[in-house]
Amino acid sequence: MSRLPPQPERAGKGTVVDSIVQTLADDIVSGSLTPGTKLDAQAMAERFGVSRTPIRETFGHLAAMGLVTHRPNRGVIVATLSPEALNDLYEAMAELEAALARLAALRMNSQQRDALLQLHQESVHLVRDGSADDYARYNHDFHALIFESAQSSQLQQLAEATRTRLAPFRRAQFRMTNRVSKSWEEHDAIVRAILAGDADGVARLMRLHVQTVSAMSAEFVAEHQPASERPGETTA
């Protein structure tokens, strides 16, 4: 295990917890931490150079994301990633994002349209020169701007909560071959439809976009699961 340098826990506690959550979530999704592995709070605190308090908070976030479970007398255990549960979450995400994109096409003001176009155009270099993490950060901002522009607080809250649960899987898709360039092309079509005011068209494009994300995420998880966890496979 890599060890991070000691980090301040006072002013930046939220940032520290977020960072640890992302690291452990990525470890679980990538298969570095396999299903059934016990996560010891003291060992995690030593790994990240923090006290046990942010580690306990981290475990709570991971449990809410369905990545770990709390078992009596066993502590915190890495959960088995269920393809069915992941598909259900993405199905909800696709419908929420389609609705938000449709509303954004109808309600987005000129400043927001300019901001979306600029954000999209500036991301071109990430396809060629950026890392998967760089593109994932841009991707988050792209979708967040559409959420906000829809001007529907209830739909936005539901979408943000679902996106938080899917965050490590959405990051993982960008480690698939050519996924970054394909994602950018899908974004390009979405931006064009929004700027044209094509509400129904952008809803269809956004739904297809999230469905593709779902397929890529599922493929990544399947490739990185231990053989015993893959459907139809058994260990010798």
Listed residues Q151, Q211, Q121, most fluctuating in the chain (Gaussian network, C-alpha, under 10 Å): Q121
Å² per residue, accessible surface of the stretch 29-158 at 1.4 Å: 49
The chain, helix-only ellipticity at 222 nm - DSSP H runs n ≥ 4, -39,500 (n - 2.57), divided by all residues, nearest 500: -23000 deg cm²/dmol
HN-Hα J in Hz across the stretch 199-213 - Karplus 6.51, -1.76, 1.60, θ = phi - 60°, x for Gly and Pro: 4, 5, x, 6, 4, 5, 5, 5, 4, 5, 4, 5, 5, 5, 4
Mean Cβ neighbour count within 10 Å, used as a protection proxy, ranking 60-67, 102-109 highest first: 102-109, 60-67
Helix 179-195 axis, angle to the chain major axis (alpha carbon atoms, nearest 10°): 40
For the chain, radius of gyration divided by Kirkwood radius, i.e. Rg to Rh on alpha-carbons: 1.00
Of F220, F174, F48, the one that fluctuates the most in a GNM where the chain has Cα springs shorter than 10 Å: F48
Global geometry of the stretch 163-204, whether rounded, prolate or oblate, following the gyration tensor of its Cα atoms and the 1.5 cut on a/c: oblate
GNM top mover of A115, A94, A150 - the chain, alpha-carbon springs below 10 Å: A115
Given charges at Cβ of Lys, Arg, Asp, Glu: the chain dipole, positive-most of L208, M108, Q173: Q173
The chain, relative contact order in percent, only Cα pairs under 8 angstrom and at least six apart counted: 25
Largest-first ordering by accessible area, 1.4 Å probe, given options R52, R128, R207: R128, R52, R207
Whole-Hz ³J(HN,Hα) from phi, Karplus 6.51 cos²θ - 1.76 cosθ + 1.60, for the stretch 113-127, glycine and proline x: 5, 4, 5, 5, 5, 5, 4, 5, 5, 6, 7, 4, 5, 5, 5
Charge sum, other residues only, whose C-beta stays under 11 Å from L67's C-beta, Lys/Arg counted +1 and Asp/Glu -1: -1
Rounded, prolate or oblate (a/c below 1.5 giving rounded, otherwise prolate when a/b exceeds b/c) for the stretch 68-197 by Cα gyration tensor: oblate
Amide H contacts under 5 Å for V68, placed H, 5+ residues apart: A63, A79
Folded to 0 to 90 degrees: helix 132-149 orientation relative to the chain principal axis, Cα: 50
Residue order for R47, R192, R74 - accessible surface, 1.4 angstrom probe, largest first: R192, R74, R47
Electrostatic dipole magnitude of the chain [Cβ: Lys, Arg +1; Asp, Glu -1; Cα centre; debye, to 20]: 540
Carbon plus sulfur fraction of accessible area for the chain, probe 1.4 Å, in percent: 50
In sequence order, calculated HN-Hα J values of the stretch 59-72 (Karplus, 6.51, -1.76, 1.60; Hz; x Gly/Pro): 4, x, 5, 5, 5, 5, 7, x, 8, 9, 10, 9, 10, x
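The values are calculated or read from the model by the stated rules, or taken from the named source; none is laboratory data. Everything numeric in this text was worked out from a predicted model, so none of it was measured. Here Cβ is always computed from backbone atoms with ideal geometry, including for glycine, and neighbour counts include all displayed protein chains. Remember, those area values only see protein heavy atoms, side chains included, never the ligands or the DNA or RNA. Shrake-Rupley method; radii C 1.70, N 1.55, O 1.52, S 1.80 Å.
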